[in-house]
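Notes follow once the structure below has been shown.
The values are calculated or read from the model by the stated rules, or taken from the named source; none is laboratory data. Here the structure is a predicted model, which means the values were calculated and not measured. Cβ atoms come from the backbone with ideal geometry, glycine included; neighbour counts cover every protein chain shown.
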């Protein structure tokens with residue numbers, strides 16, 4: 001089957017690009033002397049995880065317990081729930097931990113350290129705030145030692161310390177991102193050193209985001225990089241030089257549903273749901289690509305710099321400065337649209353139409369959706 | 001079971017509010033002397049459709065063929081696919097039409113009128129552009145008569161003419177919205193009159209959006225109002241007076257996952273996916289509510305005007321001007337969050353936890369997700 005025969009809208013994944021993106025990040029981790037923990041919150045697919053997993057590490061990160069349960073069912077040996085866990089989630093997490101080989105979760109509070117005492121199969125990562133100011137403790141926070149002591153006395157394994165330099169998304173240059181990567185490293189390594197100085201074993205020292213992992217110069221003191229978006233890539237990531245635009249592996253297949261030459265407009269059947277309403281490229285100096293960049297059915301940039309400039313639920317509106325290629329895109333024609341933030345785009349789709357260059361569908365991969 | 005025991009994030013629907021919102025819109029249609037065709041693209045649930053359907057009309061609108069197939073399976077007698085259909089969708093549409101009592105689809109081109117010739121069970125609505133400038137023909141477009149003639153000679157039933165005044169979302173006052181409602185009416189009625197003058201029967205004259213349906217003064221010449229968001233409501237709709245904030249029927253249940261008193265911040269486990277990244281209230285003069293307004297577990301506004309001011313995939317950040325109620329919202333506490341655009345929010349969730357005031361779950365309704 002070919003993309004021209006597939007129902008639209010649909011999510012397309014280029015397997016060759018995915019493989020190369022995964023190989024590149026794994027090579028980066030190797031060159032820095034650390035392991036790679038792929039974050040599967042973006043692609044939510046066992047097929048993608050099998051390509052992404054670092055064979056010398058074996059673990060992944062997830063953002064929901066549904067993901068944890070799904071990947072545990074496939075025997076993934078080391079599952080890190082990389083969001084601060086709450087008391088009500090502990091029974092479900094414990095059930096996953098009971099049949100997974102290794103399950104760990106983030107915490108950043110004394111309350112949750114105490115709550116874990118009843119669930120000794122769930123290992124704890126103490127989350128460190130390296131500057132994102134979302135969750136996590138500052139590396140010099142007094143509670144760091146207190147939490148480790150509570151865990152130790154309760155017999156809860158300390159998996160390590162972990163941080164996410166999400167503020168790297170606010171940087172626009174490789175140098176700025178590299179500086180955040182160094183903030184990440186110093187914050188989490190100093191937290192590990194404080195804990196070790198206080199007598200605690202700290203096996204894992206985990207840091208990451210895609211931009212900081214790409215632009216990181218040193219991983220000294222880290223045990224693993226943790227990143228997810230790099231596998232697929234998206235327009236925001238290419239806008240901040242995490243990868244090249246033609247390395248983006250995931251696109252949305254759409255059909256042309258209307259021509260409006262009187263206002264130089266083409267309408268497609270991928271709107272705010274299929275593409276997502278993420279507008280992160282609007283923050284890039286020269287890189288605002290609306291709701292997505294329109295490629296041809298083969299995923300090639302042969303249509304010029306066409307963008308989806310407006311969306312409603314199931315409609316996307318392409319409006320051009322230059323005359324649009326109406327003859328190349330008759331009603332029913334297919335296009336592939338790169339989007340701003342692939343985590344948001346992929347989340348609502350329940351499968352990937354897998355290609356390997358071109359438009360021949362070589363596989364269909366299921367993926368998780370929802371909670 | 002109660003909301004305090006439910007896994008988060010989750011979608012909550014208040015059945016009493018839904019019923020009252022549906023009754024109010026039905027009363028509006030009655031007062032104008034027309035039928036009501038609920039658009040099920042928002043709630044995507046048979047249980048909601050059964051409450052919303054106008055018994056004197058019987059029909060619904062849908063935005064995807066998956067919705068059409070789902071509602072056809074439940075025996076809904078009149079299904080209007082309210083998006084311009086394309087050649088590749090016709091076989092699937094015809095299969096739905098073959099076992100549905102009535103299936104119709106929008107078209108706005110000569111090409112699609114010709115393509116329908118092979119599918120005489122699919123009735124056609126000619127879409128009219130009443131000013132939104134998305135899809136549809138201007139009421140005075142020459143192709144209107146041409147399309148009707150092609151349909152007639154091919155034996156394809158003409159369901160009627162239909163328009164969507166989506167530009168009502170750009171208005172901020174009841175008067176401005178009422179003016180768009182009148183534009184909708186005049187455009188679609190004049191198109192119907194042109195067709196009738198040319199000898200074509202035009203059974204249906206359909207117009208709608210939630211704002212124009214609420215603020216419409218006249219439906220003369222229309223046969224039906226078509227709207228969807230009104231059933232649930234959202235913060236944008238309350239911001240433009242489509243309904244009151246305390247009439248909004250759908251919210252997102254979330255758990256507090258972290259406290260950051262040092263920067264007056266509470267983090268919850270509903271982020272850009274569970275809430276959506278829609279920021280439509282940013283366009284309201286005094287009504288920017290970030291990514292959502294935070295209510296207590298009973299859906300009451302007892303926490304002050306707390307808003308979710310930042311989101312990442314699975315994190316929502318509440319930051320207050322006034323000191324946040326940390327003691328009322330310990331880690332694990334539940335809140336319910338009203339969102340900007342319920343169509344975007346509901347789409348990624350696969351069920352409703354149904355309450356009827358308070359936090360007792362009285363039913364769980366399945367809903368559609370994806371394509």
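A few notes on this one:
- Any hit, the stretch A:83-90, residues being more than 10 Å from chain B (Cβ to nearest Cβ) and at pLDDT 95 or above: no
- Filtered residue count, the stretch A:6-24, keeping only those that are more than 15 Å from the chain's Cα centre (by Cα) and either part of a strand (DSSP E or B) or more than 17 Å from residue A:356 (Cβ to Cβ) (or both): 8
Residue-wise test of (1) touching a strand residue (DSSP E or B) at 6+ places or on another chain (Cβ under 9 Å); (2) over 28 Å from residue B:269 (Cβ atoms); (3) assigned to a strand (DSSP E or B).
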| position | (1), (2), (3) |
| --- | --- |
| A:26 | yes, yes, no |
| A:36 | yes, no, yes |
| A:49 | yes, no, no |
| A:70 | yes, no, no |
| A:105 | yes, no, yes |
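- Each residue in the stretch B:138-171 was checked for being in contact (Cβ under 8 Å) with a residue 60 or more places away in the chain, part of a loop (DSSP other than H, G, I, E, B) and crowded, with 21+ Cβ neighbours inside 10 Å, and 1 pass.
- Some residue of the stretch B:35-57 being without any contact (Cβ under 8 Å) to a residue 24 or more places away in the chain and within 13 Å of another protein chain (Cβ to nearest Cβ): no
- Selection count where residues are free of Cβ contacts under 8 Å to residues at least 40 places away in the same chain, surrounded by fewer than 16 Cβ atoms within 10 Å (Cβ to Cβ) and within 13 Å of another protein chain (Cβ to nearest Cβ), scope the stretch A:1-23: 1
- The single condition from (1) assigned to a loop (DSSP other than H, G, I, E, B); (2) crowded, with 22+ Cβ neighbours inside 10 Å; (3) touching a strand residue (DSSP E or B) at 6+ places or on another chain (Cβ under 9 Å) that residue A:278 fails is (3).
- Taken together, the criteria place residue A:97 among residues that are touching a residue at least 12 places away in the same chain (Cβ under 8 Å) and surrounded by 23 or more Cβ atoms within 10 Å (Cβ to Cβ).
- Residue among B:342, B:294, B:364, B:354 that is in contact (Cβ under 8 Å) with a residue 12 or more places away in the chain, touching a strand residue (DSSP E or B) at 6+ places or on another chain (Cβ under 9 Å) and closer than 29 Å to residue A:107 by Cβ: B:294
- Output for the stretch A:254-265, where each listed residue is within 29 Å of the chain's Cα centre (by Cα) and either at the interface with chain B (Cβ under 7 Å from one of its Cβ atoms) or at pLDDT below 95 (or both): A:255
Here is a yes/no grid of residues against (1) at pLDDT 95 or above; (2) over 21 Å from residue A:304 (Cβ atoms); (3) not in a helix (DSSP H, G or I):
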position	(1), (2), (3)
A:184	yes, yes, no
A:192	yes, yes, no
A:202	yes, yes, yes
A:205	yes, yes, yes
A:214	yes, yes, no
A:222	yes, yes, yes
A:238	yes, no, no
A:242	yes, yes, yes
A:252	yes, no, yes
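- Any hit, the stretch B:37-51, residues being under 22 Å from the mean Cα position of the chain (by Cα), within 26 Å of residue A:333 (Cβ to Cβ) and at pLDDT 95 or above: yes
- Residue among B:63, B:104, B:45, B:31 that is out of contact with any helix residue (DSSP H, G or I) (no Cβ under 8 Å at 6 or more places or on another chain) and over 26 Å from residue A:10 (Cα atoms): B:31
- Whichever residue in the stretch B:349-371 is under 20 Å from the mean Cα position of the chain (by Cα) and not in a loop (DSSP other than H, G, I, E, B) and, among such residues, is nearest to the other protein chains (Cβ to nearest Cβ): B:351
- Residue that is farthest from residue B:253 (Cα to Cα) [pool: residues in the stretch B:327-338 that are within 14 Å of chain A (Cβ to nearest Cβ) and surrounded by fewer than 17 Cβ atoms within 10 Å (Cβ to Cβ)]: B:327
- Just one residue in the set B:289, B:324, B:303 is touching a residue at least 60 places away in the same chain (Cβ under 8 Å), more than 12 Å from every other protein chain (Cβ to nearest Cβ) and either outside any loop (DSSP other than H, G, I, E, B) or more than 17 Å from residue B:48 (Cβ to Cβ) (or both); that residue is B:324.
- Within the stretch B:174-201, the set of residues being surrounded by fewer than 22 Cβ atoms within 10 Å (Cβ to Cβ) and farther than 26 Å from residue B:150 by Cβ comprises B:174, B:175, B:176, B:178, B:179, B:182, B:183.
- Which listed residue is crowded, with 22+ Cβ neighbours inside 10 Å and more than 19 Å from residue A:7 (Cα to Cα), from B:60, B:51: B:60
- Residues of the stretch B:266-284 satisfying the condition of being over 23 Å from the mean Cα position of the chain (by Cα) and either at the interface with chain A (Cβ under 8 Å from one of its Cβ atoms) or modelled with pLDDT under 95 (or both): B:267, B:269
- Only residues that are outside any strand (DSSP E or B) and either within 18 Å of residue B:302 (Cα to Cα) or more than 15 Å from the chain's Cα centre (by Cα) (or both) were counted across the stretch B:327-348, and they come to 8.
- Whichever residue in the stretch A:107-137 is within 11 Å of chain B (Cβ to nearest Cβ) and assigned to a strand (DSSP E or B) and, among such residues, is surrounded by the most Cβ atoms within 10 Å (Cβ to Cβ): A:107
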